[in-house]
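Taking it in order: structure first as structure tokens, then the write-up.
The values are calculated or read from the model by the stated rules, or taken from the named source; none is laboratory data. None of these values were measured; they are calculated from a predicted model. Reconstructed Cβ throughout: ideal geometry from the backbone, glycine too, with neighbour counts over all protein chains shown.
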Amino acid sequence: MSEESLDLYDSEVDTLLQILGRLQVKYGTRRATFENLNSMASEAMDLCEKAGFLVTVSVFDDNMQPKMPPEITVHARVDAELFAGFDPDRQQWETKKGVADDEKVKKFLTKGGTKKTKVDIEHTLEAPEKQAE
């Protein structure tokens, strides 16, 4: 099974190298403990997501021995704005479009709209062919 390679722009390579440099400075002198390696992997994935990339970080080999250096694989681009936090312009647009007019969304929002709120929100999606009609 062959994987397609992802062509990166020079600016994207520069961004990824900056992330690697930041991780190297922070974790380069730390011991290769389970906690340090997992912390580095988590931070690498977060930083890459915020920069617009989907990555995997492999810190252990098949025998559960630390990989030195860890292996970071870039799989795809993602919309970095998904990880940018709350966007007031998007909220204004959604308000104007009536996104919250759906009864299930209203119910969720009136109960606080937090992760702790256990509201069963089901949404059915029609096939794309039917949506175009």
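Annotations
- Residues satisfying the criterion are present in region 21-29 (criterion: of a type in the set (Lys, Arg), under 20 Å from the mean Cα position of the chain (by Cα) and modelled with pLDDT of 90 or more).
Conditions (1) modelled with pLDDT of 90 or more; (2) under 24 Å from the mean Cα position of the chain (by Cα); (3) in a strand (DSSP E or B), marked per residue:
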residue: Asn38; (1), (2), (3): yes, yes, no
residue: Thr56; (1), (2), (3): yes, yes, yes
residue: Asn63; (1), (2), (3): no, no, no
residue: Phe86; (1), (2), (3): no, yes, no
residue: Trp93; (1), (2), (3): no, yes, no
residue: Leu109; (1), (2), (3): no, no, no
residue: Gly112; (1), (2), (3): no, no, no
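- Tally of residues being free of Cβ contacts under 8 Å to residues at least 24 places away in the same chain, more than 17 Å from Gly21 (Cβ to Cβ) and hydrophobic (A, V, I, L, M, F, W, C) across region 33-67: 4
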